[in-house]
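The values are calculated or read from the model by the stated rules, or taken from the named source; none is laboratory data. Because the structure is a prediction, the values reported are computed rather than measured. For neighbour counting, all protein chains shown are included, and Cβ atoms are generated from backbone atoms with ideal geometry for every residue, glycine included.
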Amino acid sequence: MDKRIIMLVEDNPDDVDLTLRALKKGNILNEIVIARDGAEALDYLFGAGAHAGRDLGVMPAVILLDLKLPKIEGLEVLRRLRADARTRLLPVVVLTSSREEQDLLNGYASSANSYIRKPVDFSRFVEAVRQLGMYWLLLNELPPLQRTA
Amino acid sequence: MNVLRLVNILSHFTAFAIYVCLIVFVLHKNPKGLINRICALTLACFAVWGLAVVFFHNAASAGEAMFWLNMASLGWGSFPVPVLWFYLLFTGHDKLLKNRLFVAAGVLLAAFFVRLQWAGCLIVDFIRQPYGWSTVWAGWLPMVVFSCYYALLIGACIFLAIDLERKARSRREKSQARLLIAGPLITLCLGSLSDIIFPALRIGVIPPAAVVFILVWAGGLGYAIFRYGLMTLTPAMAAADILETMGDALLLAKMDGAIVSANRAALGLLGCGAGELTGRRLDSVIVDEKSGGPALWREMSERGWITGRDAICLAQNGSGVPVSLSAATVKDKEGDPAGVVTVAHDMTEHRRLELDLRKSERKYRALVEHALIGIGIHQNGVLLFANPKLAALLGYAPEGVVGSEIAGMIHPDERDFVMARSRRRQAGGGEPETYELRLLKKDGNVVHTLISNAVIEYNGSPATMITVADIGDTKARKELELANKELEAFSYSVSHDLRAPLRSIDGFSQAFLDDYEDRMDAQGKEYLRRVRAASQRMARLIDDLLKLSRVTRADMSYRQVDLSAMAKAIAGELKETNPERAVEFVVAEGATAPGDASLLRAVLENLLNNAWKYTARHPRARIEFGVVEQDGRPAYFVRDDGAGFDMAYAGKLFTPFQRLHDSAEFEGTGIGLATAQRIVRRHGGRIWAEGEVEKGAVFYFTLQS
């Protein structure tokens, strides 16, 4: 097992459980870091707050980012990641609930690498997450920062 | 033969000769004129009468005298009738003479009195007198009857002449009328005395010489004809009449400026009586408007004429009347200046109208200049006029916008469509006059407006007058925008938060099924399957509800949309979903309509999807898209021969989540038709349906009412 970790930024515990389950069902067994809100996600990624002193050489291979988050919301998290040289190239997959959110995202289309809509039908969600994991963890080349790290 | 008799006979003969001359004169003037002929007829009566009386007085016996008097009665018995006719004609009552009954009655009346004489009922005897014969009437009664006859008719003539005199406008007409009053009046008095009253009183001193007295009358007629051109119309006469009666003031003056004559309008304008102006100087009654002095007369005498000059007429009461003055010197036969002719046109009314017009112009100019809406006129695609508000609305300086192309001011999405509509409107097509339109400001920014168009005439050709209201910053619009924002936030929240628990229900049900499959019986699994189906259905409902609200809020971009092509494309997509179904699509060609392409596509999708869905249970189906005319406007329709519906529930079709079939029979959330209805309404049209159970349904919609 390599060091490729997946970061899940999600405040709804049900969604966390279901996503973890979907990943497991899709045979994605990488380490998963969970952040419950935007602030926590940023703390982890920039080594601040509770994560002060964390080895910033270890960055997630992919971030699954929910949009509606407590404290700092998803789009703001995305904006800050893109504003910082260390995280500018991190692959971010936005999890959306509706077309409304996709519309919102259009303004940021270039900054998110991809998005998936969380379907109510769980089996379709499992399939979507599986394909996503395959792509980002297996096919996609990692950004240069990770490779030199 | 004594002298008295000779004088008597000669005077009657002279009268006869004069009458004959007058007949020739009158007929010579205009042999075809009815009035000339009637006049000649009258004179002929007098001539016969005069000649017969010559022989009457010369008669040797009473029997001979009776014969000549009977001859004379052809004249004296009948003359009042043609005389009346003549007066009627002269006073403009010629219509009466076209009535045959009236003419016949006159002839009969004249014949009746001639016959009375011949029958020996009027004058029956004669007395020898030194001058010839005096007459003896049969009695009082016949005499009175005869007197009444001619007195009444001649009285009528006098009355007609008095009436004419009263109504006459020119001095010439008045003089004529007076001659026609005096003549018969004098004759009536003298003739009655000599021929009726004296004989009745058996006074034989004066011979019956009425026909000689009538000479006065006839002479008057002759004078009128000679002096005033009675019964003829000459250019000189017409000119005199025109000059006298024309509306403009006419003044004639000698070279030294002394006024010689003035027409009626001049007297009226200056408030003078007839003759009061004569001798006064022109430059004392008409002065230059600007200087108030005789400047214009100096110019006139130097140049010989002036025309259309603003001047003031100084009226008798001291007031000044504005006039437009023209004057010129007239020359005599030798070419020397003989006098000045001056024509003044009263400008009072004209000035008042001009002032009113200027006031009105100022009022409307102020109205347009200060209007809170933009007002402009464009012609041939170019803006020719714009009020300050329109210029400001388009981001130009007040004068900078005039001359700009209209097309460049319209949002590109709507440009071709609006320009085509504008051209059709000018050509007289019944195009909508008021609609919302996005305009481009000078700096390229979009401004939302409500525009109203009216075709007017401008500089002689059709143009369009526009009034433009900026509705982008109206209070209502701001409120609507705010409400929309809130609704968006709400929708976002609903979509996110309402779906999350559904995901949990579905997800954990699935997890439960996966992980505890071996510990559950079939019933338990069925229950969980239903939980999952219900949560997924609810998710669909939420999605559709959001779709519906999006339709209401989406920005609309108008252009000409090819509905036929759209219907064909959707039909193709539907066929691909179920290639095995035997459905025949019939799409009418050339159905285009102005509207928002993506919204109209949603309408057609919903209607065609419906048709597709509700024909699914039939082995063969036919779905048709076409256009019919409804109240003079196109109504587009989608017809199918599927399950149809009961018309009793037609009202429920377009209510969100109302379904006429249960979901087991035909699946759906009941939101499609409600969505279609909202879109159609946003286009200003309406949607309705006709159907019958198992016979199919037709959905009609119109755009822009």
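Couple of notes before you dig in:
- Checked against (1) within 14 Å of chain A (Cβ to nearest Cβ); (2) surrounded by 12 or more Cβ atoms within 10 Å (Cβ to Cβ); (3) hydrophobic (A, V, I, L, M, F, W, C); (4) without any contact (Cβ under 8 Å) to a residue 60 or more places away in the chain, residue B:480 meets all criteria but (1).
- Of the candidates B:653, B:607, the single residue that is buried (at least 16 other Cβ atoms within 10 Å of the Cβ) and either within 16 Å of residue B:566 (Cα to Cα) or without any contact (Cβ under 8 Å) to a residue 12 or more places away in the chain (or both) is B:607.
- Top-ranked residue of segment B:410-444 - restricted to ones that are assigned to a loop (DSSP other than H, G, I, E, B) and modelled with pLDDT under 85, ranked as farthest from residue B:683 (Cα to Cα): B:444
- Put simply, of A:26, A:49 the only residue that is in contact with a helix residue (DSSP H, G or I) (Cβ under 9 Å, 6 or more places away or on another chain) and within 14 Å of chain B (Cβ to nearest Cβ) is A:26.
- Of all residue pairs spaced 6 or more apart or on separate chains, those with beta-carbon atoms under 9 Å, a first member in segment B:485-502 that is in contact (Cβ under 8 Å) with a residue 12 or more places away in the chain and farther than 13 Å from residue A:119 by Cα and a second member that is of a type in the set (Ser, Thr, Tyr) and loosely packed, with under 14 Cβ neighbours inside 10 Å are B:487/B:552.
- The set of residues in segment A:1-37 that are in a loop (DSSP other than H, G, I, E, B) and either at pLDDT 85 or above or in contact with a His (Cβ under 9 Å, 6 or more places away or on another chain) (or both) comprises A:5, A:10, A:11, A:12, A:31, A:36, A:37.
- Test: residue in segment B:292-302 that is among the aromatic types (Phe, Trp, Tyr), in contact (Cβ under 8 Å) with a residue 24 or more places away in the chain and surrounded by fewer than 19 Cβ atoms within 10 Å (Cβ to Cβ): no
- Against the test of being surrounded by 13 or more Cβ atoms within 10 Å (Cβ to Cβ), under 25 Å from residue A:26 (Cα atoms) and not aromatic (Phe, Trp, Tyr), the options B:565, B:554, B:500 yield a single qualifying residue, B:500.
Listed here are the residues, each with its yes/no results for (1) under 20 Å from residue B:540 (Cα atoms); (2) at pLDDT below 90; (3) touching a Phe, Trp or Tyr at 6+ places or on another chain (Cβ under 6 Å).
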{"position": "B:623", "(1), (2), (3)": "no, no, yes"}
{"position": "B:629", "(1), (2), (3)": "no, yes, no"}
{"position": "B:644", "(1), (2), (3)": "no, yes, no"}
{"position": "B:659", "(1), (2), (3)": "yes, yes, no"}
{"position": "B:665", "(1), (2), (3)": "yes, yes, no"}
{"position": "B:674", "(1), (2), (3)": "yes, yes, yes"}
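- Matching residues, segment B:530-550, being without any contact (Cβ under 8 Å) to a residue 60 or more places away in the chain and away from chain A (no Cβ under 12 Å): B:530
- Any hit, segment B:515-524, residues being over 60 Å from the mean Cα position of the chain (by Cα), within 11 Å of another protein chain (Cβ to nearest Cβ) and over 30 Å from residue B:591 (Cα atoms): yes
- Odd one out for residue A:27, checked against (1) surrounded by 17 or more Cβ atoms within 10 Å (Cβ to Cβ); (2) touching a residue at least 60 places away in the same chain (Cβ under 8 Å); (3) touching a Lys or Arg at 6+ places or on another chain (Cβ under 8 Å): (1)
- Checking each residue in segment A:1-23 for being away from chain B (no Cβ under 11 Å) and in contact with a Ser or Thr (Cβ under 9 Å, 6 or more places away or on another chain) picks out only A:8.
- Some residue of segment B:188-196 being modelled with pLDDT of 80 or more and under 56 Å from the mean Cα position of the chain (by Cα): yes
- Conditions (1) more than 14 Å from every other protein chain (Cβ to nearest Cβ); (2) assigned to a helix (DSSP H, G or I); (3) more than 28 Å from residue B:373 (Cβ to Cβ): number failed by residue B:561: (2)
- Selected residue (criterion: modelled with the highest pLDDT) from residues of segment A:55-72 that are out of contact with any strand residue (DSSP E or B) (no Cβ under 9 Å at 6 or more places or on another chain) and under 21 Å from residue A:117 (Cα atoms): A:72
- Meets criteria (basic (Lys, Arg), free of Cβ contacts under 8 Å to residues at least 12 places away in the same chain and within 14 Å of chain A (Cβ to nearest Cβ)) for residue B:475: no
- For segment B:394-402, the criterion of being without any contact (Cβ under 8 Å) to a residue 60 or more places away in the chain and surrounded by 22 or more Cβ atoms within 10 Å (Cβ to Cβ) is met by at least one residue.
- Scanning segment B:666-705 for residues that are closer than 15 Å to residue B:609 by Cα, outside any strand (DSSP E or B) and of a type in the set (Val, Ile, Thr) returns B:669, B:671, B:675.
- If you go through segment B:483-497 and pick out every residue that is charged (D, E, K, R), more than 16 Å from residue B:547 (Cβ to Cβ) and within 10 Å of chain A (Cβ to nearest Cβ), you end up with 1.
- The single condition among (1) within 14 Å of chain B (Cβ to nearest Cβ); (2) buried (at least 21 other Cβ atoms within 10 Å of the Cβ); (3) modelled with pLDDT of 75 or more that residue A:92 does not meet is (1).
- Residue A:40 vs. criteria within 14 Å of another protein chain (Cβ to nearest Cβ) and over 20 Å from residue A:121 (Cβ atoms): no
- Residue in segment A:123-131 that is more than 14 Å from chain B (Cβ to nearest Cβ) and either at pLDDT 75 or above or under 18 Å from residue A:9 (Cβ atoms) (or both) present: yes
- Test: residue in segment B:88-99 that is of a type in the set (A, V, I, L, M, F, W, C), in contact (Cβ under 8 Å) with a residue 12 or more places away in the chain, under 20 Å from residue B:153 (Cα atoms) and out of contact with any helix residue (DSSP H, G or I) (no Cβ under 9 Å at 6 or more places or on another chain): no
- You will find that of B:70, B:36, B:58, B:8, the residue that is closer than 30 Å to residue B:119 by Cβ and buried (at least 23 other Cβ atoms within 10 Å of the Cβ) is B:8 and no other.
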